[in-house]
1. Which of the residues spanning segment 41-61 are basic (K, R) and touching a residue at least 40 places away in the same chain (Cβ under 8 Å)?
2. Filter segment 20-32 for residues that are outside any helix (DSSP H, G or I) and of a type in the set (D, E, K, R) and give the result.
3. Which members of segment 62-103 meet the condition of being touching a residue at least 24 places away in the same chain (Cβ under 8 Å), of a type in the set (S, T, N, Q) and under 18 Å from R33 (Cβ atoms)?
4. Against the definition (at pLDDT below 70 and surrounded by 13 or more Cβ atoms within 10 Å (Cβ to Cβ)), how does S125 come out, yes or no?
5. Is segment 91-103 home to any residue that is of a type in the set (D, E), part of a loop (DSSP other than H, G, I, E, B) and loosely packed, with under 12 Cβ neighbours inside 10 Å?
6. How many residues does segment 20-32 hold that are of a type in the set (A, V, I, L, M, F, W, C), surrounded by 14 or more Cβ atoms within 10 Å (Cβ to Cβ) and without any contact (Cβ under 8 Å) to a residue 12 or more places away in the chain?
7. Filter segment 65-86 for residues that are in a loop (DSSP other than H, G, I, E, B) and either of a type outside the set (A, V, I, L, M) or closer than 17 Å to F11 by Cα (or both) and give the result.
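The values are calculated or read from the model by the stated rules, or taken from the named source; none is laboratory data. In this text, all values refer to a predicted model and were calculated from it rather than measured experimentally. Using ideal geometry, Cβ is built from the backbone for each residue, glycine included, and neighbour counts are taken over all protein chains shown.
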Amino acid sequence: MLPIGRATFEFEEFLAACEYNLGCSPDTVSFYRKKVSRFLAWAQREKAETLDAHAVRQFFRWLKDQGLSDNGRHTYLRALRTWFNFLVRRKVIPQSPLIDADLRIRAVWRRPELPRAFVLASLRSSRCGGSHCSFVGHQVIASWRQRQFQSRVAG
C-alpha cells in the first residue's frame, strides 16, 4: 500500500526518471503524466488514504461509469502498470496493487490499427534485439494472418 501523500512525490520521481534516465519520448512522458495524474486526482477527491487494490478497482469502476470504453480504460491500465512496476523496482511498494485488483480490461484493435501494430512490433524487435520483444510482435502478426486466412477460406 502506498500512502497518498507519498504517491505524489513518487510520481514526480517517476516522471523525472522517464524523462532523463529511461529515455522516454516527450509524448510518452505526457501520456504517463495525463493518465496517472488523473488517477491521483481521483484518489485525492475520494479521500483515499492509500493506493491499494481496492482504490484501483474503484477508480476503474468510476472510469467505466464515466462512459470510458474498454480501450480508454486500457490506456489507464497501461500507464498505471508502468508506474506501479517502477515503484516495485525501486522497492517503494512490495508488489503492484494491480495484481490483487484482478482487472479484466481488453483492448480491442480495429482494422486500421493493425498495420501500425505491425510497424511497432517490428521496431521493438529490431531495437531491442531480445526474444521477448519480437515474440509479442510475432504473436500479433500470426494471429492477424490466421484470421485473414480463415476469412478467405470461409468466404
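1. R57
2. Answer for segment 20-32, where residues must be outside any helix (DSSP H, G or I) and of a type in the set (D, E, K, R): there is none.
3. T75, T82
4. Here the answer is yes, as S125 does meet what is asked.
5. Yes, segment 91-103 contains at least one residue that is of a type in the set (D, E), part of a loop (DSSP other than H, G, I, E, B) and loosely packed, with under 12 Cβ neighbours inside 10 Å.
6. The total comes to 1.
7. Selection gives Q66, G67, S69.
Results for (1) under 17 Å from the mean Cα position of the chain (by Cα); (2) crowded, with 16+ Cβ neighbours inside 10 Å; (3) part of a helix (DSSP H, G or I); (4) not basic (K, R), shown as yes or no for each residue.
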{"site": "K34", "(1), (2), (3), (4)": "yes, no, yes, no"}
{"site": "A43", "(1), (2), (3), (4)": "no, yes, yes, yes"}
{"site": "L63", "(1), (2), (3), (4)": "yes, yes, yes, yes"}
{"site": "V88", "(1), (2), (3), (4)": "yes, no, yes, yes"}
